[in-house]
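Throughout, read-outs are computed from the coordinates displayed, never taken from laboratory work. Keep in mind the model is a prediction, meaning the values are calculated, not measured. Neighbour counts run over all protein chains shown; Cβ positions are idealised from the backbone, glycine included.
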Amino acid sequence: MWIKLLLLFFVFSFLFKTDSSFDQDLGRHIKLGEIITQTHTVPKTNLFSYTSPDFPFINTHWLFEVLMYGANQTIGLQAVLILKIIIFLSSVWLVIKIVPKEKTALLLPIGFIFLHVLRERTELRPEIFSFLFTVCTYYILELSLRPRTRSGGSNLLFLLPIIQLIWINTHIYFFVGLILQMIFLIHLSLKRIGAKLDHLEGGLRWHLLLICLLLSISVSFLNPNGIAGILYPLNVTKNYGYTIVENQTMFLLESINFHDPNFLFVKLSGGLIILSLVVAFATRKFELKNILLASTGLGLALLNVRSFPYLVLISLPAVLSNFPILKFKGFIKAITFIIIPILILESFFYLNGDYYRFNDQPVKAGLEFKESGKQALDFLITKDLPQPIFNNFDIGSYIIYKAYPKYRVFVDGRPEAYPQEFFLQTYIPVQSDYAKFKELNRQVGFKTVIFSHTDQTPWGRNFLQNVVKDEDWNTVYIDDFIIILVKKGVALGQNLTTLNLDKLNPKKYDFKNHTAYLRLGYFLLATNNVESGVKFITQSLMIFPQSPLGNAILGNRGSNNFFGF
């Protein structure tokens, strides 16, 4: 029991941090939940954008959106953060319970490695329900295999169609539940053929599982888009004209010098999965379901970054089951007691915030939401800045949350909600070639630019470097996340103050951590506002002198590779 509690404590330690969901999609989810609740319909077009207002859009997480809106109106989103942690810990607890007691000798050393990959997806997203539903489905299926005298697991099978009905309306990974049911049905089918099950009891389980699988498939049609909703996981990326990190493989990201500490643990976990398969085949002591489950989790994780958690949720119990009962108990105990202090030290490294400080991450330990765009959007709304606006991909969803329906966005964080041609022929080209932006500006007549300057795309950085130098645009607001510019002449009409980026004073800002000064300083340096940029980086180092990035920047001033990270 104490080993299980240690593993849960480890997971809690890296969940206990600032939640950056508002910097992603949470705001848009809440706004959609509000619209669905008030209109009693799920919008099927991109109503938030003035560039593609009639483009069809399949919403696979409308129920999550309704729940988040309802929570925001009642218990408050702070309480939802606690619920998020409960969902994560419950999922991990069920994963651990799936592991047979006789196979728990390696639970701590192997589980410790696997659980690191959960760090990749800790924000409040619809996928947290997929995590819970995956493990609930897996757990019920495992219980159904136990002898009826020991468990009523077979009766719980009828919960699977109910879970599936909720799942398909909550998150796009609903198909995982159907895959798990199919794996267990194949497993039972082969056992029946091999006469390894009691004829009566085995036949009953097989028929029950088949019925539940058919019911689960049937209820999957009960979504706002019918069969299109069921097939959506196969079609969602066909229209993508914009690449987002979470949909890429880690190998592709590494090839373009994208660094992520979780990649190491995915590789270690993958190696352990392969080793467990080799051992299982070599000893001929394995079950087909464990081979399929271990391979499924690995396959999903290799497919894209967003699927990393399925290494834990699906593969971990199967990996431990694939390993035979070990005879070298003394050696295993020694490894276990070596890992215990490492686990505890790492956990406190998260809990006291040092992990985030030493990695220059804009988060801290503690349960609270981080709304990086709040002050900028308050400025936009209070000053009643004119439309149409030009914004980037990263900030669109938050603009929707704070400013819709008064403001409609140029783009938001849903590639699937815009025509592929929009990204390939408009969004990316007008940022890559500033002359094309000026041409589009003549057609559209942009009045305000609101842009998250942490955008690391080559086109986003190129656009920012040009627009801040364009005399037709005045900078009227900037913080550590967003810059706002208005068309020349508009600034005077709105009684706004034009900012001189090269004369910004860090003492005029009251950021709460060193990374805020670091981010703004980096942007200023990247746009050749060296005087103010150095001041902000220096202020960052006054707050946290050990900042790796801050010291690297000041130590490499003047280098040709200065902006290459």
Let a ≥ b ≥ c be the square roots of the eigenvalues of the Cα gyration tensor of region 272-347; is it rounded (a/c under 1.5), or, if not, prolate (a/b larger than b/c) or oblate?
-> oblate
From the Cα gyration tensor of region 280-400, with a ≥ b ≥ c the square roots of its eigenvalues, which class applies: rounded if a/c is under 1.5, or else prolate if a/b is larger than b/c, or else oblate?
-> oblate
For W62, W167, W93, what's the fewest-to-most ordering of other Cβ within 10 Å of each Cβ?
-> W93, W62, W167
Antiparallel content of DSSP bridges confined to the chain, in %, to 5 = 70
Please sort by residue number the trypsin sites (Lys or Arg not before Pro) in region 266-327 whose DSSP state is loop and whose Cβ has at most 14 other Cβ atoms within 10 Å.
-> R284, K285, K327
Quick one: helix 262-283 against the long Cα principal axis of the chain, what's the angle to the nearest 10°, folded into 0 to 90?
-> 20
Relative to the longest principal axis of the chain, what angle (0 to 90°, nearest 10) does the C-alpha long axis of helix 2-15 take?
-> 20
C-alpha long axis of helix 288-303 to longest principal axis of the chain, angle in ° = 10
